[in-house]
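J.: Before I ask anything, here is the structure I am working with.
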Amino acid sequence: MPRRPRKENWRVSHLRRSRGRSDDSLHRLADRVGRSVARIGALWREAPVHASHDSSLGPEEVGRFLRDCGAVLCRAGETTRRVEQVIVELGARYAMPPVHAFVLPTGVFVRIGDGPGAVTDFTPVHPDDLRLDQIGELYAFLDELLHDRLVPPEEGMRRLAELEARPPRFTAVPRIAGYAILTVGLGLLTYPNPMALVGYAVLGVAVGLLRELVVGPLRLLALALPVVAAVVVTVLAYRFSGPLLGENPSKMVIPPLLAFLPGAALTMGTMELATGSLVSGSSRLVYGVNVLVLLAFGITIGAQLMTAHPVPDGSHAPSFGAWAPWAGAVLLGVGFALNSSASLTRLPWLLVVLVSVEGVQQFGRSLAGTLVGAFLGGVVLPLVARIVEQWRAAPPAQVTFLPAFWMLVPGSLSLTGVGELVAGHASDGLLTTVNALLTVVAVALGVMVGASTLHNGGTVVEPAEATRQD
């Protein structure tokens, strides 16, 4: 017969089991408390610091600040959809009633609240684009508002006004030199001829001088500047390209007009139409076509004023080697930094993005042609700009995105095609124009694919609706 355990041993065993269960419960409780504390800490870090705790803030002053933020973002080259999203996010940070935004390239509408008590405000968008230094400061300020510290709306509007009124970092001479470097860089990308580089530099200086004069004392002539610049460039190219440089003048006309080429407007208009922003996309496309017509008109007038001098026989210089596009990308970065007053400490990051996009574009061209190269360049552009932005000393993604976008945009092809159509070369001009439009679509589609990849990875947050009609 088995021996019955002693009572005291049973009690000891029971106490041990109870202590074990208590220890397990304590461990589970401690683990649960730890997870809860960690979750609360994460929520505390991610939760916005709402300024609505200050009862003095009203929807009128917050609405004025939000509309000003939207207008400045439009001048920084953002799409209307992204501007609307930032306005809504800022409204949530200030804990306002539901915020609604309607953004066009020329104006920003903001409504706070629903029903009879809603507050609506509007502001027009200034036609001049921001410089790269202003764009960098703007995005640093918005990052502070969205993720760190809110400021009173009056202070925010004051900081935006100071940002817009800030004078350029460089004086007129470096800016003109930067535009000449830009022209040479684009020339190396489009027609890399040793003799043509001299013409690119001279014509770039001429257009840079015209832009500085119009910005200063002759501000009223800004609307006619594309036509005036096209006439001056065409006259100089037709007079001196043949006898001095041994080049066809039509190849010298496009790079100096880089500042006026509407390729960005055409590409962004195509993107906005594809995402359902019908009014914004249509207005950008109409604006781009109008600028093309003005430039083609100026080129035609210049060609009629000055007959092209024939190119001497045997004067054609050989083209540069395969290194020319890489040098062109580097010169574009240097020219943009000087002409748009970017900090020279940001130049290495800008060159990284430009060279990366150019390399991918060349790979696509060698793989399957120009359209594939433009598409792959568009896909890589937002990805590389966002990756570079993560580094500590790197500028905001928009600062590196815009110059690389200018490098991708085929505005020169569009202008060449329209010019040939006006000059009477209907077959060549129509073919060039169609190819340029297809390239615009390829770039726009590539940028949308790259941005959607960021969205799927959680880096970029887009509005909830997939499409929206303005």
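J.: Which whole-number value in Å² is the accessible area per residue of the stretch 250-385, probe 1.4 Å? Working shown, then result.
T.: Working: 5660 Å² over 136 residues.
The answer is 42 Å² per residue.
J.: For the pair TYR287/VAL434, report the inter-label distance in nm, with labels modelled 7 Å from Cα in the Cβ direction.
T.: Here the answer is 3.0 nm between the modelled labels.
J.: Related question: How large a share of the accessible area of the stretch 332-391, in percent, is made up of carbon and sulfur atoms when the probe is 1.4 Å and the other protein chains stay in place?
T.: On the way: 1790 of 2510 Å².
Percent of accessible area from carbon and sulfur atoms in the stretch 332-391: 71.
J.: I would also like to ask the following. Using unit Cβ charges (K, R positive; D, E negative) and no other charged atoms, how large, in debye to the nearest 20, is the dipole of the stretch 85-203 about its Cα centre? Display every interim value, and only then the final one.
T.: On the way: 9 positive and 14 negative charges, 71 e Å.
Approximately 340 debye in magnitude.
J.: Then there is this: For the stretch 351-391, what's the radius of gyration and Dmax over Cα atoms, in angstrom?
T.: Calculated on Cα positions, Rg and Dmax stand at 10.4, 34 Å.
J.: Once phi is turned into θ = phi - 60°, what whole-Hz ³J(HN,Hα) does the Karplus curve with 6.51, -1.76 and 1.60 give for every residue of the stretch 66-75, x standing for Gly and Pro?
T.: 5, 5, 5, 4, x, 5, 5, 5, 4, 5
J.: Taking all protein chains as present, what is the carbon and sulfur share of the accessible area of the stretch 113-235, in % to the nearest whole number, probe 1.4 Å? Let's see the in-between values first.
T.: Details: 3940 of 5860 Å².
The nonpolar share, carbon plus sulfur, comes to 67 percent.
J.: Could you give the semi-axes, largest first, of the ellipsoid that matches the stretch 320-380, computed as the square roots of 5 times the alpha carbon gyration tensor eigenvalues and rounded to whole Å? Let's see the in-between values first.
T.: Details: eigenvalues 114, 33, 14 Å².
Ellipsoid semi-axes (Å, largest first): 24, 13, 8.
J.: Using a basic spin-label model with each label point 7 Å from the Cα along Cα→Cβ, how many nm lie between ALA140 and ASP114?
T.: 4.0 nm
J.: Which ³J(HN,Hα) values in Hz, rounded to whole numbers, follow from the phi angles of the stretch 368-374 under the Karplus curve 6.51 cos²θ - 1.76 cosθ + 1.60, where θ = phi - 60° and Gly and Pro get x?
T.: My calculation for the stretch 368-374 gives 8, x, 5, 5, 5, x, 5 Hz in order.
J.: Can you tell me the accessible area per residue over the stretch 105-204, all protein chains present, probe 1.4 angstrom, in square angstrom? List each step's numbers first, then the result.
T.: Details: 4580 Å² over 100 residues.
Heavy-atom accessible area per residue stands at 46 Å².
The values are calculated or read from the model by the stated rules, or taken from the named source; none is laboratory data. All values derive from a computational prediction rather than experimental measurement. We place every Cβ from the backbone using ideal geometry, glycine too, and count neighbours over all the protein chains shown. Ligands, DNA and RNA are excluded from the accessible area calculation, which covers all protein heavy atoms including side chains. Shrake-Rupley method; radii C 1.70, N 1.55, O 1.52, S 1.80 Å.
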